[in-house]
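The structure appears below as structure tokens.
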Amino acid sequence: MVNNSDLANLNITIIGLGLMGGSMAKVLHSTVHRIVAVDSDRRSLEIALAQGVISEGTMDLKSGVANADVIVLATPVSLILDILHKLPHLRPGGCLIMDLGSTKAEITNAMSDLPDSFEAIGGHPMCGRERSGYGASSSNLFDGQTFILCRSQRTTQSAEELAVNIVRAIHARPLFLDALLHDEVVASTSHLPYLVAALLTSRVAEEALVDKQYWQISATGLRDVSRLAGSNPQMMLDILKSNKKPVLEQLKSLHTEMNELILALEKNDLGAISTWLQGAWQHHDSYLKYRWVEPGEILSDDRDE
């Protein structure tokens, strides 16, 4: 089994050299012994090689994992699941498996089905961008960000220790979480925001089809709230498919709250609306305080009217 806390001796294979995998390679290449990248985009592999970010690039999955101590799965969820099913044949000797997928229950269940020769732990860095691909990757993407780790039945103490060391090496903050709880939480904090952004963008776009000035008569509010609509739609479809039930529950709750707001507006119940707005204002303060304000930094009460 993998028992190597010294990252300098590790051979890591990263499958998927996009935003997440590319960013990880850019941070780890000077820390680990060797990074092999597997990707279907030959040009990305060539660029990463020229930059010295990876030691080897290949489009062949079997050769890419042949000598890996650690395999990092940095692809869409459906492809992660497919690769996990193939790994016993591709890497019969076993190694440590980590992933960077956006949902965890299906993945950790598939990890638990791996043979005893494997150690495996689920991972999800809580960061990202609306752009994708190696060109969007950055060596500081993970800096100070929470990195969720979810145990599977193939998670050993040595696997946990090595995973934590890797997470810290990319300057992220490890947090262990149950896989089912993870999926419930990110349905609210990640997947629902994407759907709201997509709905808002589509709503305004319908108006802009009639009058293109709609796009011009907009400020940073629309830009900021709609940002996530620029995410890769195939990737998001994959996420929604693997986390359907929690996302549906969040959408139904949002629908109920929207209907309550509509009813309050129809009744001209300004008191109820004011209370609701004040609550949202306070919740936003709490969100900034507990997620984005650095220790010692003062959260300002100055707001744009």
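Laboratory data are not the source of any read-out in this text; all were calculated from the coordinates shown. On a predicted model such as this, the values are computed, not experimentally measured, just so you know. Don't worry about glycine lacking a Cβ; one is built from the backbone with ideal geometry, like all the others, and counts go over all protein chains shown.
Tabulated values for the structure
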item	result
Largest-first principal axis extents, alpha carbons of the stretch 182-266, Å	41, 36, 21
From phi via Karplus (6.51, -1.76, 1.60), per-residue ³J(HN,Hα) for the stretch 260-269 in Hz, x at Gly/Pro	5, 5, 4, 4, 5, 5, 4, 8, 6, 7
Within the chain, helix-based [θ] at 222 nm, where runs of 4 or more DSSP H residues each add -39,500 (n - 2.57), nearest 500	-15000 deg cm²/dmol
Spread of Cα-to-Cα distances over 10 Å intervals beginning at zero, given as percent, for the stretch 249-291	26, 39, 31, 4
Residue order, fewest to most surrounding Cβ atoms within 10 angstrom, among V65, V38	V65, V38
Ranking of V53, V77 by count of other Cβ atoms within 10 Å, fewest first	V77, V53
(1) 49, 22, 16; (2) 39, 21, 19; (3) 34, 24, 16, with the label sought being that of the calculated semi-axes √(5λ) of the Cα gyration tensor in Å	(2)
Placed amide H near D178: partners under 5 Å, 5+ positions off or other chain	none
Positive-end residue, the chain charge dipole about Cα centroid, Cβ charges, pick of M24, L199, S242	M24
Footprinting exposure proxy for H171, H182, H29 (fewest neighbouring C-beta atoms within 10 Å first)	H171, H29, H182
Derived scalar couplings ³J(HN,Hα) [the stretch 191-197; Karplus, 6.51 cos²θ - 1.76 cosθ + 1.60; whole Hz; x for Gly, Pro]	6, 5, x, 4, 5, 5, 4
Which listed pairs, of K26/K62; K245/K267; K86/K245, have C-alpha distances above 25 Å, in listed order	K245/K267; K86/K245
Exposure rule at most 13 other beta-carbon atoms within 10 Å, DSSP loop trypsin sites (Lys or Arg not before Pro): the chain longest free segment	1-130
Stretch gain in nm, segment A50-L222, where the contour uses 0.36 nm per residue and the Cα spacing is subtracted	58.0 nm
Total charge dipole magnitude, the chain, about the Cα centre, Cβ charges on Lys, Arg, Asp, Glu only, Debye to nearest 20	680 debye
Dipole-positive endmost among I14, M258, P88 within the chain (Cβ charges, Cα centre)	P88
